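Undergrad: Questions regarding the structure given below will be posed in turn.
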Amino acid sequence: MVTTTISKMETVWNTFQEPRCAAYLPNSYMLLLSALDEGWKVTKAELAPSWDQHGFIYLVTLQRPASQQTQQLILPKNSLVAKLLHEYGATVQPIHSGVHQPVAAGIS
């Protein structure tokens with residue numbers, strides 16, 4: 001009976017060859033990827049302060065050219081999202097207000 005021993009380096013290499021699991025990515029990131037694959041365009045990308053662990057979030061507005069339908073996504077601020085937005089030509093504009101609250105009707 002022949003036994004084979006897999007070296008530590010072979011184990012590491014085999015791990016690198018496995019497909020990457022998307023489970024660690026936020027759902028909103030996967031939704032953005034799907035929308036871009038379906039032909040949606042980024043019409044607006046804003047960097048806004050938030051209370052999450054990153055301190056900022058991206059507010060991304062998408063538009064479907066065929067139907068003029070728009071959708072907004074909230075994504076965490078990280079290098080993965082920044083790189084994707086850059087690759088699709090989105091210019092990120094900072095939002096300087098500290099808190100985002102809807103404007104109440106009839107209050108001026």
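Undergrad: For region 25-42, name all the residues that are part of a strand (DSSP E or B) and under 12 Å from L84 (Cβ atoms).
TA: V42, the sole residue that qualifies.
Undergrad: Taking region 48-68, which residues are at pLDDT 85 or above and closer than 20 Å to N27 by Cβ?
TA: Correct list: A48, F56, I57, Y58, L59, V60, T61, L62, R64.
Here's the yes/no breakdown for (1) loosely packed, with under 13 Cβ neighbours inside 10 Å; (2) part of a loop (DSSP other than H, G, I, E, B); (3) not aliphatic (A, V, I, L, M):
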| position | (1), (2), (3) |
| --- | --- |
| K44 | no, no, yes |
| L47 | no, no, no |
| V60 | no, no, no |
| Q63 | no, no, yes |
| S67 | yes, yes, yes |
| L75 | no, no, no |
| A82 | no, no, no |
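The values are calculated or read from the model by the stated rules, or taken from the named source; none is laboratory data. From a predicted model like this one, the values you see are computed outputs, not experimental measurements. Cβ sites come from the backbone with ideal geometry, for glycine too, and all protein chains shown count toward neighbours.
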